[in-house]
Amino acid sequence: MKKSANNEKFCGNCTSHNAYNYPDQVFCTRRFLKNKNPIVQTLSCCEEYYPSAQECHCISDAKEKKK
Amino acid sequence: MRRNEVLREPVKHVKIGGALTVDQLVRQFKNSGSFGAGRLATACDIYERMLRDRKCTVFLALAGAVVPAGLRTLIADMLRENLLDVVVTTGANMVHDTIEALGGHHYKGHWNVDDYMLYKNHTYRIYDVFVPEEDFIKLDLKLVEMYDEIAAEYNGGSLSSKDFARELGKRLDDPHSILRAAYEAKAPIFIPAVRDSEFGYAYYLHAFRRHFKNALVVDAFKDVPEIIGICKKSSRNGMIVIGGGVPRNTIQSAALATKSGIDYAVVITMDRPEPGGLSGSTLEETVSWGKLKGQADKTMIIGDATMVFPIMAASAIERLGKDFKRTPRQKTEELKPGGSK
């Protein structure tokens with residue numbers, strides 16, 4: 001199993017993310033439970049970051065859309 | 001029994017001499033009287049008799065992903081037309097109903113796909129139907145909002161799953177929603193295993209954020225006197241089962257508790273009786289428990305409910321005709337609204 005994309009830390013490869021407004025924004029459960037704004041940019045990153053065990057296409061699709 | 005009593009009625013072969021209505025086709029099935037076609041025709045007859053019986057309460061048990069597979073609008077319409085009185089369902093079916101009510105969709109997919117590819121695309125699979133993950137997330141956010149509101153209104157009091165379904169239906173404005181249709185028609189929906197669905201996960205999100213203080217309380221035991229009360233008021237009980245499981249047994253147990261039993265039963269399932277689970281158990285087995293009357297009007301169809309149920313409904317609606325009006329029975333207003341401390 002591949003590790004999260006290139007060791008770069010993004011909300012889109014954090015274990016707490018779920019799709020929200022694909023691929024631009026993700027929903028963060030950890031932030032939601034702490035009453036912080038849970039809707040964050042896929043390519044941003046915050047202090048709650050924890051690497052995801054399984055890879056998805058969020059980062060690559062968000063980067064491609066941003067080009 | 002003598003030979004001439006056994007060999008009484010020859011099979012009449014299906015004849016399609018041009019365009020047929022649904023009920024005309026079902027009547028052809030009745031002529032053949034054989035296998036699945038014969039049972040489907042019998043089911044249509046039984047459902048018609050349930051609806052024509054002015055003293056019968058019609059229960060629908062829903063288990064299996066029939067809402068994602070396209071039966072949502074049909075069930076909502078049947079509730080509005082008083083062709084169903086009480087629904088007992090899995091939480092999942094009402095979750096998927098709410099997803100669509102909030103603007104989400106289910107997509108035609110395929111059963112033979114790379115599921116890890118779906119995972120990487122944040123897409124869930126229900127056999128050959130796909131659901132985008134964001135529809136669940138948007139559902140969770142909305143449910144947490146609703147739970148906060150309902151918890152504040154009930155102020156520590158508990159709701160039965162019927163109250164919970166009514167509160168959700170009140171807050172949805174999609175006319176094709178089952179929860180909304182039931183709310184408008186004042187038809188009770190019971191969700192006995194409510195926590196076993198996204199409703200349960202949304203509860204965790206809602207309760208965690210308030211440190212589990214003054215959180216929503218849904219009390220599954222409160223359902224018991226409510227559904228038994230419906231059976232008690234009913235002179236006769238009719239049960240249509242899609243799948244089985246907890247929803248089927250919730251209805252059957254209520255009928256047993258009142259010692260009245262079920263008078264009419266149609267079960268549509270793909271499950272088998274050998275493992276002893278309720279979804280595959282025969283109606284004869286149900287008779288042994290006293291949940292179904294020995295002389296009940298009954299049939300069990302081994303078939304896919306996404307095909308069988310719409311045919312059954314269409315056939316019955318066609319037979320009853322446009323002018324048929326059924327008296328609404330067993331409405332939620334008869335049961336005490338609001339919570340109790």
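None of the figures in this text is laboratory data; all of them are computed from the coordinates on show. Because the structure is predicted, anything quoted here is derived from the model rather than measured. With ideal geometry, Cβ positions are generated from the backbone for all residues, glycine too; neighbour counts draw on all protein chains shown.
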Coarse-grained scattering of region B:3-334 at q = 0.10, 0.12, 0.14 Å⁻¹, given as base-10 log I(q)/I(0) from a Debye sum over alpha-carbon atoms: -0.61, -0.87, -1.15
query: Per-residue ellipticity at 222 nm for chain B, helices alone: DSSP H runs ≥ 4 residues times -39500 (n - 2.57), over residue total, nearest 500 deg cm²/dmol?
result: -14000 deg cm²/dmol
field: q = 0.16, 0.23, 0.29 Å⁻¹: log10 I(q)/I(0) that the Debye formula gives for chain A, counting C-alpha atoms only
entry: -0.45, -0.91, -1.35
statement: Restricted to chain B, the DSSP antiparallel beta bridge percent, nearest 5, is 20 percent
task: Would you look at the GNM of chain B, springs on alpha carbons closer than 10 Å, and say which of B:ALA313, B:ALA65, B:ALA19 moves the most?
output: B:ALA19
statement: For B:TRP111, B:TRP289, ascending order of other Cβ atoms within 10 Å (fewest first) is B:TRP111, B:TRP289
field: Neighbour net charge for B:HIS211 - beta-carbon separation under 15 angstrom, K R +1, D E -1
entry: +3
message: Net charge around B:PHE130, counting only other residues with Cβ within less than 15 Å of its Cβ (Lys, Arg = +1; Asp, Glu = -1)?
response: -4
message: Normalised radius of gyration for the protein assembly as shown, please: alpha carbon Rg relative to 2.2 N^0.38 Å, two decimal places.
response: 1.12
field: Radius 10 Å from Cβ of B:GLY261, net charge of other residues (Lys, Arg +1; Asp, Glu -1)
entry: +3
- request: Going by C-beta contacts inside 10 Å, put B:VAL218, B:VAL95, A:VAL26 in order with the fewest on the left.
  value: B:VAL95, B:VAL218, A:VAL26
- request: Could you name the lysines whose alpha carbon sits less than 19 Å from that of B:LYS222, not counting residues in the same chain fewer than 8 places away?
  value: B:LYS162, B:LYS186, B:LYS232, B:LYS233, B:LYS331, B:LYS336, B:LYS341
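Give the order of B:GLU149, B:GLU167, B:GLU318 when sorted by the count of other beta carbons within 10 angstrom, beginning with the fewest.
B:GLU149, B:GLU318, B:GLU167
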query: Seen from all sides and averaged, what is the projected area of the convex hull of the Cα atoms in region B:115-158, in nm²?
result: 4.3 nm²
